Structure formats: C-alpha cells, structure tokens
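The values are calculated or read from the model by the stated rules, or taken from the named source; none is laboratory data. No experiment lies behind these values; they were computed from the predicted model shown. Counting neighbours? That spans all protein chains shown, and the Cβs are built from the backbone with ideal geometry, glycine included.
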C-alpha cells in the first residue's frame, strides 16, 4: 500500500470515529433536552465522549506506525470481559433492550 492509500485509509477511519462521537453527543443532548435522561447521567456520558479525541489521536499515531512498518509490541487479550462490560453498558443505557452474548471457549485473540 503506498503512502497516499495509507493516508486515505487513516483519514477514513478517523472521520468515521469522529462522526460516531458527534452522533453520540447529539443523541445525549437530544435525550437530555427531552427529559428522557437525567442531567447527571447525560453529563457523565457527554464528558466520556469528549475524552475520545485524545484517544483518537493516539490511535492515529499507532495506525501511522503500522503503516510505516514500525514493529509494535503485541499482547494477548481476553476479550470476554471487555465484551461483557460493553454489553452491560448498552443494556444499562437502553432499559428496553434484552440481549444475549455467546462466547466460544478456548479461543485466543491477539491484538496490538
């Protein structure tokens, strides 16, 4: 992949992440305005979302290192707790939602 293609991919990923965060902010402000969510809860969520640009910047730096072929340390990650926490967070913020998550045992995922 040449430099221009890498830049294009990186920009697409960043634009997607920024749009997602903006949509979340709009959603929480709409819910706050309509009284659908308590102001303390909305404030907490909005503050968490506004922390995302720092993380996006760090992700962009890692992505650039990958594109540049810089060797990066890898680690094994047990994603089950991460997925469980994410599912619990979604259910907590959407009381009408019931969901089930199934995990296959003895699967290992390696990430950067």
Which condition breaks for residue 34 when tested against (1) in contact with a strand residue (DSSP E or B) (Cβ under 7 Å, 6 or more places away or on another chain); (2) within 29 Å of residue 95 (Cβ to Cβ)? (1)
Given (1) modelled with pLDDT under 80; (2) loosely packed, with under 14 Cβ neighbours inside 10 Å, where does residue 16 come up short, assuming only one miss? (1)
Residue ID - modelled with the highest pLDDT, chosen from residues in region 53-77 that are in contact with a strand residue (DSSP E or B) (Cβ under 9 Å, 6 or more places away or on another chain) and surrounded by fewer than 12 Cβ atoms within 10 Å (Cβ to Cβ): 76
